[in-house]
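Shown next, in structure tokens, is the structure this report addresses.
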Amino acid sequence: MLPTSTNKAGVPKGCFVIYVGEHKNKKRFVVPLSYLNHPSFLTLLMRAEEEYGFDHHMEGLVIPCREDSFQTVIEKE
């Protein structure tokens, strides 16, 4: 496997960071951009929009679900 270039935040090219969790218990995940094409991941993004909207003051994209639920979704992808 060839090394992938990363940006200053340590995120490989072709990936983005999301934070998963409810309330103050959030875990950082680095996920491939290809997840944006998967219906189950898009459903999670819609939930995030409903919960937080696009104009929020958080550290990044936050998915409001339990970590184990998110793991189940990404294992299917």
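Every number here is computed from the coordinates shown, using simple stated rules; none is lab data. Remember, it's a predicted structure, so these values are computed and weren't measured experimentally. All Cβ positions, even for glycine, are placed from backbone atoms using ideal geometry, and neighbour counts span all protein chains on display.
Computed quantities for the displayed model
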| read-out | value |
| --- | --- |
| Check: segment 15-76 dipole with +1 on Lys, Arg Cβ and -1 on Asp, Glu Cβ, in debye | 200 |
| Calculated P(r) of segment 15-76 - Cα pairs past 18 Å, % | 26 |
